[in-house]
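**Q** Just passing along the structure, written as C-alpha cells.
The values are calculated or read from the model by the stated rules, or taken from the named source; none is laboratory data. Please read all numbers here as calculations on a predicted model, not as lab measurements. Cβ placement follows ideal geometry from the backbone for every residue including glycine, while neighbour counts extend to all protein chains displayed. These accessible areas exclude ligands, DNA and RNA; they are computed on the full protein's heavy atoms, side chains included. Shrake-Rupley method; radii C 1.70, N 1.55, O 1.52, S 1.80 Å.
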Amino acid sequence: MKTYNFVTIWRVKAPIESVWNEICHARDWPTWWKGVEAVLEVRKGDESGVGSIHRYTWKSKLPYKLRFDMETIRIEPPLLLEGVAIGELQGRGLWQLSTEGNETIVRYDWNVVTTKRWMNVLAPIARPLFEWNHNVVMSWGAKGLAERLGASVVAGARESVDFLG
C-alpha cells in the first residue's frame, strides 16, 4: 500500500456557519461538488453525527472511480470534522475551519493509503498524475462550494501533496 498525505486549503468569502453547513452535510455533496457521484448513509451516528458511516463514490478526470466508507469520529461545530476511511482508500480525513476577516479558511488533511493493487503498482511512476487528480477534484469542490453559497474562492488557495512510498 502507498501512503499519501494531502493538504488542501480553500479561502471562501462566506460565513463560517454557511461553509460548515455544506461540508458537514456530505449527502448533499453530489449536488454541488463535481466528482462526487454518490454519498450514501450506511449507518446513523449519535445525535451529533459521531459514529455515522457514509459510502462515497468519487470520479475524477482520470478514468477510474474510488469507493470507500467514512466513519465520523469527531465533530466540533463549526470548526472541525474528522473521519476514518475504510475501503479503496484507508486513513483519516480532517476538515478544519477558521475565519480571517470576511473569509472562511477551510483546511482539509487527507492522509490515506491506497488498497487497489493497480494503484500501488503504478504509484512510483503515476505519482504526478495522482497528485494532479486529487488537486483537480478538490478545486472542483472549492468552485462548487463557492457557487452554492453565492461566494467566491479567494486566489491563493492552495493544494499540496506529500507522497510516501
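**Q** Note down the magnitude of the dipole of the chain about its Cα centre, charges +1 on Lys and Arg C-beta and -1 on Asp and Glu C-beta and zero elsewhere, to the nearest 20 debye.
**A** About 720 debye.
**Q** Apply the a/c threshold of 1.5 to the C-alpha gyration tensor of region 1-69 and tell me whether it is rounded, prolate or oblate.
**A** oblate
**Q** Run through all the Cα pairs of the chain and give the fraction in each 10 Å bin from 0, expressed as whole percent.
**A** Reading upward from the zero bin: 11, 40, 37, 12, 1.
**Q** Return the Cα extents of region 103-147 along principal axes one, two and three, sorted largest first, each rounded to a whole Å.
**A** 40, 17, 14
**Q** If you don't mind, there's one more thing I want to ask. Once you put a point 7 Å from the Cα of C24 and another 7 Å from the Cα of T3, both along the Cβ direction, what distance in nm separates them?
**A** Distance between label points: 3.1 nm.
**Q** I've got another one for you. If you put +1 on each Lys and Arg Cβ and -1 on each Asp and Glu Cβ, how big is the dipole of region 24-120 around its Cα centre, in Debye rounded to 20?
**A** Here region 24-120 has a charge dipole of around 660 debye.
**Q** Considering only protein heavy atoms and a probe of 1.4 Å, how much of the accessible area of region 1-154 is carbon and sulfur, as a whole percent?
**A** Taking all protein chains in place, region 1-154 shows 53 percent carbon and sulfur surface.
**Q** With a cap of 16 neighbouring Cβ atoms within 10 Å, and only residues DSSP puts in a loop, list the trypsin sites (Lys or Arg not before Pro) found in region 1-38.
**A** Those that pass, being in a loop and sparsely packed, are K13, K34.
**Q** While we're on this one: Accessible area, 1.4 Å probe, largest first: how do L129, L80 sort?
**A** Correct descending sequence by accessible area is L129, L80.
**Q** Calculate how steeply helix 117-149 sits against the longest principal axis of the alpha-carbon atoms of the chain, using the helix alpha-carbon long axis, and give the answer as 0 to 90 degrees to the nearest 10.
**A** 20 degrees
**Q** Near V42, within a Cβ-to-Cβ distance under 12 Å, what is the net charge of the other residues, with Lys and Arg +1 and Asp and Glu -1?
**A** +2
**Q** In nanometres, what is the gap between the two model label sites at A126 and L94, each 7 Å from Cα along Cα-to-Cβ?
**A** Distance between the two pseudo-spin positions: 2.8 nm.
**Q** Let me ask another. Note down the relative contact order for the chain as a percent, whole number, built from C-alpha pairs under 8 angstrom at least six residues apart.
**A** 34 percent
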